[in-house]
1. I want to confirm something. Restricting to the range 51-71 and keeping residues that are modelled with pLDDT under 95 and of a type in the set (S, T, N, Q), which single residue is farthest from Thr370 (Cα to Cα)?
2. Give just the number: which of (1) modelled with pLDDT of 95 or more; (2) touching a Cys at 6+ places or on another chain (Cβ under 8 Å) does Ile17 not satisfy?
3. Does the range 190-202 contain any residue that is part of a helix (DSSP H, G or I), modelled with pLDDT of 95 or more and closer than 18 Å to Val298 by Cβ?
4. Output yes when any residue across the range 284-300 is under 19 Å from the mean Cα position of the chain (by Cα), closer than 30 Å to Ile142 by Cβ, part of a loop (DSSP other than H, G, I, E, B) and of a type in the set (A, V, I, L, M), and no when none is.
5. Can you work out which of the residues in the range 161-175 that are without any contact (Cβ under 8 Å) to a residue 40 or more places away in the chain and either assigned to a helix (DSSP H, G or I) or in contact with a Leu (Cβ under 7 Å, 6 or more places away or on another chain) (or both) is nearest to Gly267 (Cα to Cα)?
6. Could you tell me which residue of the range 1-54 is surrounded by the most Cβ atoms within 10 Å (Cβ to Cβ), considering only residues that are small (Gly, Ala, Ser) and part of a loop (DSSP other than H, G, I, E, B)?
7. For the range 76-94, give me the residue count where each residue is touching a residue at least 40 places away in the same chain (Cβ under 8 Å), buried (at least 18 other Cβ atoms within 10 Å of the Cβ) and not in a helix (DSSP H, G or I).
8. Starting from residues that are surrounded by fewer than 19 Cβ atoms within 10 Å (Cβ to Cβ) and in contact with a helix residue (DSSP H, G or I) (Cβ under 6 Å, 6 or more places away or on another chain), keep the ones in the range 165-178 and report whichever is farthest from Ser369 (Cα to Cα).
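The values are calculated or read from the model by the stated rules, or taken from the named source; none is laboratory data. Given the structure is predicted, the values throughout are model-derived calculations rather than measurements. A quick note on method: Cβ atoms are made from the backbone with ideal geometry, for glycine too, and the neighbour counts reach across all protein chains shown.
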Amino acid sequence: MKIGIDARMYGSGFTGIGRYTYELIRHLAETDRENEYVVFMRKEEYESFQPPNERFSKVLADFPHYSFAEQTGFLKVLNQANLDLMHFCHFNAPVRYDKPYIVTIHDLTLSFFPGKKMNSWFRRFGYRLVLKTVTKKARKIIVVSENTKKDLQELFKVPSDKIQVIYNGVNPEFAEPSKTKKADLMKKLGLQKPYFLYTGVWRDHKNIVGMIKVFAELNEELGRQYNLVITGRHNPSYHEIPDAVKEMRLEEEVHLVGLVNEEDLRGLYQHALAYVFPSYYEGFGLPPLEAMQCGTPVVASNKSAIPEICGEGNALFFDPYNIADMKAKMKIIATDPSVRQRLVNRGFERVKAFDWGKMAEEVLSVYQSTESK
């Protein structure tokens with residue numbers, strides 16, 4: 001078959017979906033010897049991407065996500081490619097594309113937490129229209145958790161047999177010791193104390209401000225022994241995070257370090273006291289698994305897909321709507337070395353269940369099953 005892959009979110013800049021697309025292409029190139037692939041990319045990634053072998057080619061598709069150009073210009077490019085099958089790695093597909101395709105839906109965050117992205121009735125209407133159309137027309141829908149499957153069935157009435165759960169993987173490189181020494185990393189980022197870590201994008205449903213407030217209370221209670229490190233691009237649309245740090249006078253304790261390179265990120269995970277994941281909603285939740293791979297204990301929200309992915313007994317779970325519960329669990333992980341070590345040991349075992357190569361093999365099976373229809 002000639003298979004297209006929508007890689008407009010390819011790369012680290014789009015966090016979870018970018019990683020998913022990168023790993024899918026990398027592993028398909030290693031395992032599939034039969035099919036031909038056409039990779040559609042935005043300008044920046046298109047210029048730097050080298051097709052991994054002769055069965056892969058790239059096509060410039062510099063159309064912004066959730067735009068009118070995506071629905072018109074991208075549609076034209078796709079039709080010209082004359083594909084046997086198209087794989088949209090996110091739900092934002094041209095609704096008038098009528099050739100066979102599958103779609104991966106990572107989460108339905110915007111259905112539950114529209115935030116500032118869905119700030120008008122027109123945007124909300126467009127989001128529901130695209131999702132409803134794409135899920136109806138797709139030959140098969142891949143989701144990354146049972147929780148997302150449940151959400152899709154409840155909100156969009158998608159038949160169960162049309163949905164296949166295929167878990168994401170974890171990058172094995174996180175298990176390798178970071179080349180960045182702890183002292184050098186602490187100095188580079190201005191850290192003086194053991195630290196809790198959060199990594200990821202800045203959005204309302206991530207509950208980052210709630211985490212900062214809980215940390216402030218806990219740190220005061222424990223004699224200001226700790227720092228909190230928050231990575232992620234400084235998003236001017238979500239000014240609440242730096243505002244909270246400033247209002248609570250936590251500039252010396254809470255460090256907003258921005259996007260960090262892969263090596264420093266691995267070092268941050270490996271040297272952290274604990275990783276905190278306070279989200280109200282996740283379709284999968286890759287960062288806790290990355291922390292486990294690094295040998296870092298995890299304290300996490302008990303909502304949506306997070307308990308499913310972390311697994312029972314492999315993290316300390318809290319109710320993200322309950323400040324007292326969140327603080328109590330962070331206190332346990334800060335003050336009880338035996339709990340930390342138990343979670344580290346269990347985390348190493350848990351991450352063995354998540355493999356990018358296995359993910360790509362299962363996606364390839366979906367491609368092959370679609371061909372026979």
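1. Within the range 51-71, the match that is farthest from Thr370 (Cα to Cα) is Ser67.
2. (1)
3. The answer is no; no qualifying residue exists.
4. No: the range 284-300 contains no residue that is under 19 Å from the mean Cα position of the chain (by Cα), closer than 30 Å to Ile142 by Cβ, part of a loop (DSSP other than H, G, I, E, B) and of a type in the set (A, V, I, L, M).
5. Selected residue: Ile163.
6. Once the filter is applied, the top-ranked residue is Ala7.
7. Total satisfying the criteria: 9.
8. Ala175
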